[in-house]
Amino acid sequence: MTAVFRVGLVRLVSRTQSPNLLQAQTNALPAAFQRCSISGKTMRGGPRVPKAAPYPYKTKKYSLVNTFFDKTSKRFDENSKVICVEGPIAAGKSKFAKELAEELDMEYYPAVDLDLIYINSYGYDMRKLDPQLPPSCRSYDVRNFCQDPGHDLAAQFQIRMYMLRYSQYIDALQHIFSTGQGVVLERSPYSDFVFMESMFRQGYLSRGARSVYNELRQNTIGELLKPHLVIYLDLPVDAVKKQIKARNVDYEVQSKVFSDAYLTDIEQLYKQQYLKDISSHAELLIYDWTAGGETEVVVEDIERIDFDQFEADSHNKKMLDWRFPLEPEWCEARIKYCHEKPDLMNYFNVPRFDVPELLRSADDSKTWRDVWYNAPGMKYRPGYNAEMGDGGLLTKTKLGINEAI
């Protein structure tokens, strides 16, 4: 109901503005994107100079009232874009994405992992609690998947990976809307289904678990804005296996998961489904990364892309998610991602009770809760645990903006 009221009020405000002001806003937004090509430091001749001071979105809320005093599009420039780096396992995505973000002066978001769940804000590893927990409640991360991919918790693992990528993508949208600085992400929620489907084809997930995942994805993915650019680093299966061996991560090297069949499924799903679908909205660059590559060459290719070419044709679906003709619509989108993230994450609460591996008994859940919330740093909210060294408890009055309840 709050969201409905907010949307209605934002639109009402836009309608009550004078026609001349609305026309000025409509004309002003394309002007913000006149320099339609992303530019690197070499082309700019130095670091990016923000058009307006960044909004402190991590410590300060952005609600309807703020829209009257702090507009959104004024911070945008040619580099206010979302770039996703994709590719098979061990392709060199992390190194490339970091270098790309540095050259384009964008914020880098690394690949997510289950440490975001299992290591709390005080640095305590919750996986240490496993001996006290029933089997259905124990930790299961990428190491466990590599060692035992057929475990019942594999389905929960992949669903959590999707949730983490979804949450991170919202954080990236918060950043770009509040600062105007572009973002570079290593993988995204849009490509996560590639791994779910590959796991299903290899028999690691049941048909029921796959159904739950697809229902969750259908319920959530439409709330996001698709990326402007996807860069795919391509390696054949043989090269991927060599790279896995070369980086020498023990649980990867010893794992039977990375078979030719599994890696081929990932490659086919990427190329035949994900890249095909995402290219209808985003620009797409594909590189043979078998022997690595030069980030500077990729930057030069990016600088040649005209991201505003869709403006001439209103029926062109390229960049459709990012077409907001009026300033109130930009502010409305900013409120959605900066102020209403908990509501977006609640869309994962899909009641499905027909998949046994995704269920816990009442007794197991009680045991988990008793153990989990008595671990170091988990009894109270972060910043309120005296046994962890937190002080000034009687004078604290504020919580983190994105702090989960």
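The rows are residues; the columns are (1) under 24 Å from ALA209 (Cα atoms); (2) in a loop (DSSP other than H, G, I, E, B); (3) modelled with pLDDT of 90 or more; (4) not polar (S, T, N, Q).
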site	(1), (2), (3), (4)
LYS256	yes, yes, yes, yes
TYR270	yes, no, yes, yes
ASP301	no, no, yes, yes
GLU329	no, no, yes, yes
CYS338	no, no, yes, yes
LEU344	yes, no, yes, yes
TYR347	yes, no, yes, yes
VAL350	yes, yes, no, yes
GLU357	yes, no, yes, yes
Revision key, fill the gap. Residues of the range 87-137 being touching a helix residue (DSSP H, G or I) at 6+ places or on another chain (Cβ under 7 Å) and of a type in the set (S, T, N, Q), in sequence order, are ASN120, GLN132, SER136
Point to revise | Every residue from the range 359-400 that is β-branched (Val, Ile, Thr) and in a loop (DSSP other than H, G, I, E, B) | key: THR395, THR397
**Study point:** Residue ID - least open to solvent (accessible area, probe 1.4 Å), chosen from residues in the range 272-286 that are of a type in the set (Ser, Thr, Tyr) and outside any helix (DSSP H, G or I)
**Key:** SER279
Check your understanding: Just a yes or no: is a residue in the range 249-268 under 30 Å from LYS341 (Cβ atoms), open to solvent by less than 50 Å² (accessible area, probe 1.4 Å) and either of a type in the set (Ser, Thr, Tyr) or touching a residue at least 24 places away in the same chain (Cβ under 8 Å) (or both)?
Key -> yes
Practice item. Restrict the check to the range 95-104 and report whether at least one residue is open to solvent by less than 50 Å² (accessible area, probe 1.4 Å) and not in a helix (DSSP H, G or I). Key: no
Exercise for review: Could you look through the range 143-194, keep only residues that are closer than 21 Å to GLY208 by Cβ and either touching a Gly at 6+ places or on another chain (Cβ under 6 Å) or β-branched (Val, Ile, Thr) (or both), and pick out the one that is surrounded by the most Cβ atoms within 10 Å (Cβ to Cβ)?
Suggested key: VAL194
**Study point:** Close pairs (8 angstrom Cβ cut-off, 6 or more residues apart or separate chains): within 14 Å of PRO236 (Cβ to Cβ) and touching a residue at least 12 places away in the same chain (Cβ under 8 Å) in the range 280-301, hydroxyl-bearing (Ser, Thr, Tyr) and open to solvent by 50 Å² or more (accessible area, probe 1.4 Å) anywhere
**Key:** none
Practice item. Give the range 310-327 a look and list any residue that's at pLDDT 85 or above, among the charged types (D, E, K, R) and part of a helix (DSSP H, G or I), or say none. Key: ASP321, GLU327
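The values are calculated or read from the model by the stated rules, or taken from the named source; none is laboratory data. This structure is a prediction, so every number in the text was calculated from the model and none was measured. We place every Cβ from the backbone using ideal geometry, glycine too, and count neighbours over all the protein chains shown. Each accessible area value is taken on the protein alone, full model and side chains, heavy atoms only, with ligands, DNA and RNA left out. Shrake-Rupley method; radii C 1.70, N 1.55, O 1.52, S 1.80 Å.
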